[in-house]
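A quick write-up on the structure given underneath.
Coordinate-derived values only; no laboratory data. The structure displayed is predicted, hence computed values, not measured ones. Here the Cβ is made from the backbone with ideal geometry for all residues, glycine too, and neighbour counts use every protein chain on show.
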Amino acid sequence: MLLKGKTAVVTGGSRGIGAAIAVSFAENGADVAVVYAGADERAAETVAKAKAFGVRAAAYKCDVADFALVEETFRRIGEDFGHIDILVNNAGVTRDKLLLQMTEEDFDRVLAVNLKGAFNTCKAVCRQMARAKSGRIINISSVSGLMGNPGQANYAASKAGLIGLTKTLAKEYASRGVTCNAVAPGFVATDMTAALPLTDEQIRAAVPLGRMAKPEEIADAVAFLLQSDYITGQVLCVDGGVAI
Ligand code: NAP
C-alpha cells in the first residue's frame, strides 16, 4: 500500500487518463478526490471503482478554469479529506483547427482549461503542501507541447505552457519538499482521440511502437514519478516513441 494515508486530487478524473490515474491511486491505498466538468455518471463510476479498493473517494464538479470556484472546491476537499498530498492536473480539452480557422474563443478556452486550470489548482494546494513540507504535483502535458502539431496552436501552446509551469514550480518549491513533474503522453485511447479521424494505419505510421497507449500506461508513469523524492522539474514522455 504505497500511498496509504495520502489524499490525491485528480482533475479530469471522471474519464480516460484521469479515471485510470484515480483508480490506480486507490489501488495503491490513496484516498481520491475526483474533479470533473460535467459528466456526473462517469465521475460516479470512477468514485465507485476507487471505493472498491477500500479507500475514501468523492467527486467534485468544478470548472478548473474558474479561479474562485477552484479555490472553493479545494477548500471543500481539504475539509472533507483533512489534507491534500498529491495533485494531478489532468483536466484538458481540445478545439483543434488550423490557425486561420481558430477563433479567439477557441484559443482562450483551451488555454483557460489546460493551462490556467493548473495554475488555479496549484495556487489552491501549494501553501498547504509547503507547510507540510511534502507534496507531489504532476501535470499532464502532451507531446504536442514539445513538438507542436498542425491544427493545435491553442492546445500545443497550453501544453508547452504547462511544462514551463512545471519547471518553475519545481524550482520554487524544491526547498519545501514539494516536487513537480510533467508527463507527456502521445496518443492514448480515450474519448479525446476517439473524436479524431485517425486510421490504424496512420497510428502505426506516427507511433514507433505501433499503437496508442492504454490510459493505465499513463497512470503507471504517474505512479513511477510519485515514488521518487529526487525527481523534480522533469517531463516524462510516455508516447510509444512519437517524440524521439
Ligand atoms: P478525455 O477523455 O476527453 O477526458 C477529459 C477529462 O477532463 C474529463 O474528466 C473532463 O470532465 C475533464 N475536464 C474537461 N474540461 C474540464 C474543466 N473545464 N474542468 C474540469 N474538468 C474538465 O481526455 P483524456 O484523453 O483522458 O486526456 C486527459 C489529459 O491528457 C488531458 O489533459 C489531455 O490533454 C492529455 N493528453 C491526452 C492524450 C490522448 O491521446 N488522449 C494525449 C496527450 C495528452 P467531464 O468528464 O466531466 O467532461
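Assorted remarks:
- Environment charge at residue 142 (Cβ cut-off 11 Å; Lys +1, Arg +1, Asp -1, Glu -1): 0
- Segment 134-244: C-alpha gyration tensor shape, a/c 1.5 cut-off, then a/b vs b/c: prolate
- Extension gain, residue 103 to residue 231: 0.36 nm times the residue separation minus the Cα-Cα distance gives 42.2 nm.
- Structural size metrics of segment 53-123, computed from C-alpha coordinates, are Rg and Dmax of 15.0, 51 Å.
- Distance violations [Cα-Cα > 28 Å] among 61/123; 51/214; 51/167; 4/133: 51/167
- Altogether, the Stokes-Einstein calculation at 25 °C and 0.890 mPa s, with the Kirkwood radius of the chain over Cα pairs as Rh, returns a diffusion coefficient of 138 µm²/s.
- Relative to the compact-globule estimate of 2.2 N^0.38 Å, the Cα radius of gyration of segment 1-90 comes out at 0.95.
- Separation in nanometres of the label points that stand 7 Å from Cα toward Cβ, at residue 72 and residue 200: 4.9
- When each of the peptides 83-89, 34-40 is scored by how many other beta carbons lie within 10 Å of its residues on average, the order from highest to lowest is 83-89, 34-40.
- Positive contributions from Lys and Arg (+1) and negative ones from Asp and Glu (-1), summed over other residues with Cβ under 13 Å from the Cβ of residue 192, come out at +1.
- Other residues with beta-carbon under 11 Å from the beta-carbon of residue 107 carry, at +1 per Lys or Arg and -1 per Asp or Glu, a net charge of -1.
- Dividing the helix sum by the residues of the chain, where each DSSP H run of 4 or more adds -39500 (n - 2.57), gives a mean residue ellipticity at 222 nm of -14000 deg cm²/dmol.
- Length gained on full extension, residue 79 to residue 175: 31.9 nm, using 0.36 nm per residue less the C-alpha separation.
- The alpha-carbon positions of segment 13-59 define a convex hull whose volume is 47 Å³ per residue.
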